[in-house]
Amino acid sequence: MKSIVRTVYGAAVQGVLYTGVPYTKLDYTTLNERFNINPKVLISQYDYPLMKYYAIGYGGHIMEVDSDGFGIPVPVQHKSTDASCYRPIPFIMREMNNDLTPQQRESYALRRYENFNGIQYICYYLRRIDYSQAEQELTMITSNNDGTVAYEPFVPNTSNLNPDPQILSNTNTNVLKGKYVSATILVELEFNEFETEELRNVANIRFANENKAIISEIALVSGLDRKQDITESAQGTFTMNEVVAAQVCHFTNTFKSAAIDNKNFVIGFNIGATEPLFDIG
């Protein structure tokens, strides 16, 4: 049920990374503003955000019941101007005397306090993406006449540096071959047993029902790491790696339950683009 939407903010970040022109962070576009976490931090116009984080929510679906009484999750698509999940949910909620360890905290950001039923909690709304195993792939995609699709690696050669012009016919129909090229990076967001347990804990605190530990929308987020000193009575003073200028670049739908997939699950998708080859048959 995946529906992927690139936001205008992601397109803007991509444009400045392509060209090196100054980056401008607009008001009402960051998750820092949404959650009131360092919303006014100034950044240099030559600090360029990278898409290194993601956020989750449970508002990316509605349930429809068919004539047999079977409940079906139906994706709810985001607009390209949306700057946050419909219903964001934190990855972690811990009481003040039971925060993450410093090592665990390195994977998370957008940390803030929330009160539920008179109890103060520490919440983390961003998680860092692990790109350590990611690789770029170039692929030639061919749609055949029999309806099958073939995939093979695209390897450039000297003909790409010395292209021959294609001559369009003035009398016959010019038919494009069903060929495309893609440049993608496979990203896998893994939720292990620790993380699914934390999501169930979030659902129990917020909804008193761990069956509501559902992820149906994911936001891929760009931003900048910033060291921040925090002072709390339970932990004293410590430094954590926070994120500023956190902007959603892409939304994608999914449907995962941490109550059912209670050991681990993986959400994978490709980051990149696919372009028609414009090869005339």
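The values are calculated or read from the model by the stated rules, or taken from the named source; none is laboratory data. Not measured: the values here are computed from a predicted model. Please note: Cβ atoms are built from the backbone with ideal geometry, for glycine as well, and neighbour counts cover all protein chains shown.
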Practice item. Among the numbered conditions (1) assigned to a loop (DSSP other than H, G, I, E, B); (2) surrounded by 11 or more Cβ atoms within 10 Å (Cβ to Cβ), tell me where Q166 comes up short. Key: (2)
Review point. List pairs: first in the stretch 114-137 and farther than 22 Å from P90 by Cα, second assigned to a loop (DSSP other than H, G, I, E, B) and of a type in the set (V, I, T), Cβ under 8 Å, 6+ apart or cross-chain?
Key: none
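Here is a yes/no grid of residues against (1) under 20 Å from C249 (Cβ atoms); (2) aromatic (F, W, Y):
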site	(1), (2)
T29	yes, no
N38	yes, no
Y48	yes, yes
I56	yes, no
N98	no, no
Q104	no, no
E114	no, no
N117	no, no
**Study point:** Set G10, G57: member being of a type outside the set (D, E), within 22 Å of I214 (Cβ to Cβ) and crowded, with 17+ Cβ neighbours inside 10 Å
**Key:** G57
Exercise for review: Filter the stretch 116-134 down to residues that are in contact with a strand residue (DSSP E or B) (Cβ under 7 Å, 6 or more places away or on another chain) and surrounded by fewer than 13 Cβ atoms within 10 Å (Cβ to Cβ) and give me whichever is farthest from R34 (Cα to Cα).
Suggested key: I119
Exercise for review: Identify all residues within the stretch 154-201 that are more than 35 Å from the chain's Cα centre (by Cα), modelled with pLDDT of 90 or more and polar (S, T, N, Q); write none if there are none.
Suggested key: T158, S159, N162
Practice item. List every residue pair whose Cβ atoms sit under 9 Å apart, with the two residues 6 or more apart in sequence or on different chains, where the first one lies in the stretch 68-80 and is farther than 16 Å from F255 by Cα and the second, anywhere, is among the polar types (S, T, N, Q) and surrounded by 10 or more Cβ atoms within 10 Å (Cβ to Cβ). Key: K79/T7; S80/T7
Check your understanding: Applying the selection to the stretch 16-32, what residues are over 19 Å from D82 (Cβ atoms) and in a helix (DSSP H, G or I)?
Key -> V16, L17, Y18, T19
Point to revise | All positions within the stretch 261-278 that are in a loop (DSSP other than H, G, I, E, B) and surrounded by 12 or more Cβ atoms within 10 Å (Cβ to Cβ) | key: D261, N262, N264, L277
Practice item. Kindly indicate which of Y54, Y9 is closer than 30 Å to Q133 by Cβ, modelled with pLDDT of 95 or more, in a helix (DSSP H, G or I) and under 14 Å from the mean Cα position of the chain (by Cα). Key: Y9
